[in-house]
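Please read the structure below before turning to the comments.
Bear in mind these aren't lab numbers, they're just calculated from the coordinates by the rules spelled out. Here the structure is a predicted model, which means the values were calculated and not measured. So basically every Cβ, Gly included, is an ideal-geometry build from the backbone, and we count neighbours across all protein chains shown.
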């Protein structure tokens with residue numbers, strides 16, 4: 001592709017060359033006519049004589065010879081270690097005795113993606129997908145979050161206080177965040193519930209389906225992990241009652257439910273741990289506003305910067 005400030009496009013080069021070669025114009029006259037230097041006019045005229053119209057196209061800037069390029073055996077070592085151990089450029093550079101920047105260029109040259117884009121278990125590139133319409137698939141997951149004791153937790157008083165919260169008998173216990181996330185739009189419905197038992201999960205699904213209906217979404221399928229509550233007859237019966245098809249992730253493959261996992265990470269970073277709360281009630285009180293902001297006002301990079309609500313094509317009304 002020609003530089004945006006280039007005086008000649010391939011068509012302009014052809015016209016210049018034909019003026020010189022076919023019509024017999026002097027080089028200086030052609031250079032003045034096309035507003036380029038004498039050497040530029042000579043170059044394109046010479047290429048036209050040797051190569052014809054094909055010589056007017058842009059060429060790669062890659063050099064014909066690269067005497068200082070990384071030896072092939074070193075590149076093979078880099079690629080082999082990367083595939084065997086799935087480590088990044090810095091660690092590969094230490095093993096191979098070359099610079100990390102050189103390792104990065106070798107990996108790019110061989111088409112190996114960044115580790116962040118690969119499955120850690122298999123090393124294969126992560127396959128990303130998005131359902132075609134809202135409600136076609138809803139991800140459901142539970143995030144267990146330690147409750148904040150009155151007066152503040154470890155964010156205020158340090159880790160020693162936070163460890164006391166882990167005491168099963170005397171600690172403040174845990175809050176269970178149940179989330180239903182639409183695969184297509186990323187619209188989320190989350191509730192704080194006291195546990196993750198089968199009856200609790202089934203009740204949450206009923207309320208999530210009712211809430212989705214108010215948003216113009218009919219849930220067709222739900223995807224969960226293989227937790228005990230999601231494999232009981234209570235869960236299956238609730239899905240059958242609501243006309244929803246239950247689906248489960250493959251064992252030991254949380255990536256399959258990655259959209260819900262990523263939502264919980266966002267939830268922790270932007271609400272749960274964004275500031276030191278002095279009580280669980282204070283943190284809980286801040287949650288509805290955050291969830292409203294996430295659904296209706298926060299640009300989501302996974303859907304090209306749109307908000308989840310704007311990605312629901314049949315959302316009734318306009319939220320303000």
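A few comments on the model shown:
- Relative contact order, percent, segment 138-311 [alpha-carbon distance under 8 Å, six or more residues apart]: 25 percent
- Relative to the longest principal axis of the Cα atoms of the chain, the long axis of helix 198-214 lies at roughly 60 degrees.
- With a simple spin-label model that places each label point 7 Å from the Cα along the Cα-to-Cβ direction, the separation between residue 289 and residue 174 comes to 2.9 nm.
- Maximal additional length on extending the residue 252-residue 37 stretch stands at 70.8 nm, based on 0.36 nm per residue less the C-alpha distance.
- Cα gyration tensor shape for segment 10-56, rounded if a/c is under 1.5, else prolate or oblate: prolate
- Using the Cβ-Cβ distance between residue 54 and residue 28 with R0 set to 22 Å, the FRET efficiency from 1/(1 + (r/R0)^6) comes to roughly 0.25.
- The structure shown yields mean projected area of the Cα convex hull in nm², and of the options (1) 18.1; (2) 27.4; (3) 20.7 that calculated value carries the label (2).
- DSSP-defined antiparallel bridges as percent of all bridges, the chain, nearest 5: 75 percent
- Max mean-square fluctuation residue, GNM over the chain, Cα-Cα springs under 10 Å, options 304, 212, 185: 304
- Computed over segment 1-70: relative contact order in percent, which uses C-alpha pairs under 8 Å that are six or more apart: 33 percent
- Gained length - residue 306 relative to residue 84, 0.36 nm times residue gap less alpha-carbon distance: 76.0 nm
- Legend: calculated FRET efficiency, residue 95 to residue 73, from the Cβ-Cβ distance at R0 = 22 Å, rounded to 0.05, equals 0.95.
- For the chain, built as a Gaussian network whose Cα springs stay under 10 Å, the top-fluctuating residue of 70, 256, 238: 70
- Estimated FRET transfer efficiency when R0 is 25 angstrom, pair residue 144-residue 226 (beta carbons, to 0.05): 0.95
- For the chain, the relative contact order works out to 13 percent when only alpha carbon pairs closer than 8 Å and six or more residues apart are counted.
- Prolate/oblate/rounded label for segment 138-311 (Cα gyration tensor, a/c 1.5): oblate
- Gyration tensor (alpha-carbon) shape descriptor, segment 72-117, a/c threshold 1.5: rounded
- Rounded tilt (10° steps) of 280-296 against the dominant C-alpha axis of the chain: 40 degrees
- Entry note, the chain: the mean residue ellipticity at 222 nm calculated from DSSP H runs of n ≥ 4, each adding -39500 (n - 2.57), is -12000 deg cm²/dmol after division by the residues and rounding to the nearest 500.
- Degrees, to the nearest 10: 38-51 long Cα axis against longest axis of the chain: 90 degrees
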